[in-house]
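What follows is a short report on a single structure.
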Amino acid sequence: MKRREFLAAATLVPLTSALQAAPTPPAPAGLSLAGAINRAGRQRMLSQRSAKAWLMLVEGVLPDRAKSILDHSVRLFDQQLVELRGLQPNDEVRSAYMLLESEWSRYRPLLADIRSDAKLVWGGSDAVLGAAQKLTVAYERVAGTPAGRLVNLSGRQRMLSQRMAKAYFFRQVGVNPEPAREMLDGAMKEFAKALDELKTAPQNTAQIKSELGLVEQQWFFFQNALSLRASGDLKKAAADVATTSERILEQMDAVVSLYEKIAS
């Protein structure tokens, strides 16, 4: 691929460049269980978002934006690992944390070079996702509250927004195309089902209901973008998926923060 060869000339992706993505939140003085559920859940999302951004760079889709997203995702993942290390209330959490740290140490180097094997990026992103899921669930069990579950459920929506985009791009580059199709379809169904559940949660405040309404609007646009995967103008379709996946992520993150406040 000429585009890939051109990008490979730049060798390593700079992971310390100035960011145009969402600002990194400051490290908390003391992490609550609700905050830990949120951050562990955000690690799930970052496992998928980083793969999406890496694929965007490989394909030359909004490359400046892709570099910014990748850099931000790696930095935030590293920061949150440090934060979560300070709250390990039982053996289940400690074991899950060690697994996440180990999987991330194998996955992170792949993201630093666009010449990495795409199949290894696929496997690494899913291994980190699985480990982060275990850690999130472990924190939710310790919390043992309905509000804690809502932090987890809404946080998983962030991950699904990025998993859909990742699957779209993997299918577009022709890597694991059939599993990618199944991943995309499954993530779309799970997102829609969970959104319906969140909308009916008795803990919802007026502000949460309003924010979920905005999520629903973004979901409409995102579905439209994803439906263009057979479009003749594949470059525009890919750019639409990239931008709409970021918009719905931003909106869903606002919802998770509101649930975290209720749970704290």
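The values are calculated or read from the model by the stated rules, or taken from the named source; none is laboratory data. These numbers come from a predicted model, not from an experiment. Cβ: placed from backbone, ideal geometry, glycine included. Neighbour counts: every protein chain shown. We work out accessible area using only protein heavy atoms, side chains counted, and drop any ligands, DNA or RNA first. Shrake-Rupley method; radii C 1.70, N 1.55, O 1.52, S 1.80 Å.
Each row is one residue, and each column tells you yes or no for (1) closer than 26 Å to V175 by Cα; (2) of a type in the set (S, T, Y); (3) more than 15 Å from the chain's Cα centre (by Cα); (4) surrounded by 17 or more Cβ atoms within 10 Å (Cβ to Cβ).
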{"residue": "E59", "(1), (2), (3), (4)": "yes, no, yes, yes"}
{"residue": "V93", "(1), (2), (3), (4)": "no, no, yes, yes"}
{"residue": "W104", "(1), (2), (3), (4)": "yes, no, no, yes"}
{"residue": "I114", "(1), (2), (3), (4)": "yes, no, yes, yes"}
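Quick check on L160: is it over 24 Å from L120 (Cα atoms), free of Cβ contacts under 8 Å to residues at least 60 places away in the same chain and not basic (K, R)? Give the derivation first.
On the way: over 24 Å from L120 (Cα atoms): no; free of Cβ contacts under 8 Å to residues at least 60 places away in the same chain: yes; not basic (K, R): yes.
Criteria not met by L160.
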When region 179-207 is checked residue by residue, the ones that are in a helix (DSSP H, G or I), without any contact (Cβ under 8 Å) to a residue 24 or more places away in the chain and within 19 Å of V255 (Cα to Cα) are K193, D196, K199, A206
Being in contact (Cβ under 8 Å) with a residue 60 or more places away in the chain, touching an Asp or Glu at 6+ places or on another chain (Cβ under 6 Å) and either surrounded by fewer than 18 Cβ atoms within 10 Å (Cβ to Cβ) or farther than 18 Å from G35 by Cβ (or both), is that true of even one residue in region 123-139? yes
Which one of L160, L184, L198 is surrounded by 19 or more Cβ atoms within 10 Å (Cβ to Cβ) and either modelled with pLDDT under 95 or over 19 Å from S50 (Cα atoms) (or both)? L198
Conditions (1) open to solvent by 50 Å² or more (accessible area, probe 1.4 Å); (2) free of Cβ contacts under 8 Å to residues at least 12 places away in the same chain; number of the one not met by V82: (2)
Just to be sure, is L87 out of contact with any strand residue (DSSP E or B) (no Cβ under 8 Å at 6 or more places or on another chain) and at pLDDT 95 or above? yes
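Mind checking whether some residue in region 160-170 is among the basic types (K, R) and either within 19 Å of the chain's Cα centre (by Cα) or closer than 23 Å to A239 by Cα (or both)? Lay out the reasoning, then the answer.
Kept after step one, since they are among the basic types (K, R), are these residues of region 160-170: 163, 166.
Applying the additional criterion that residues be either within 19 Å of the chain's Cα centre (by Cα) or closer than 23 Å to A239 by Cα (or both) yields 163, 166.
The answer is yes; a qualifying residue exists.
I'd like the full set of residues that are acidic (D, E) and over 16 Å from I69 (Cα atoms), limited to region 99-133.
At the first step, the residues of region 99-133 found to be acidic (D, E) are 101, 103, 113, 117, 126.
E101, E103, D117, D126, listed by residue number.
Taking region 54-94 only, how many residues are under 23 Å from L135 (Cα atoms) and outside any helix (DSSP H, G or I)? Give the steps one after another, and end with the answer.
Kept after step one, since they are under 23 Å from L135 (Cα atoms), are these residues of region 54-94: 70, 72-94.
Cutting the leftovers down to outside any helix (DSSP H, G or I) gives us 86-90.
Final tally of qualifying residues: 5.
Taking R171, is it within 16 Å of Q48 (Cα to Cα), among the charged types (D, E, K, R) and modelled with pLDDT under 95?
Values: within 16 Å of Q48 (Cα to Cα): yes; among the charged types (D, E, K, R): yes; modelled with pLDDT under 95: yes.
Yes: the conditions hold for R171.
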State yes or no: is L12 modelled with pLDDT of 55 or more and either surrounded by 13 or more Cβ atoms within 10 Å (Cβ to Cβ) or more than 19 Å from E103 (Cβ to Cβ) (or both)? no
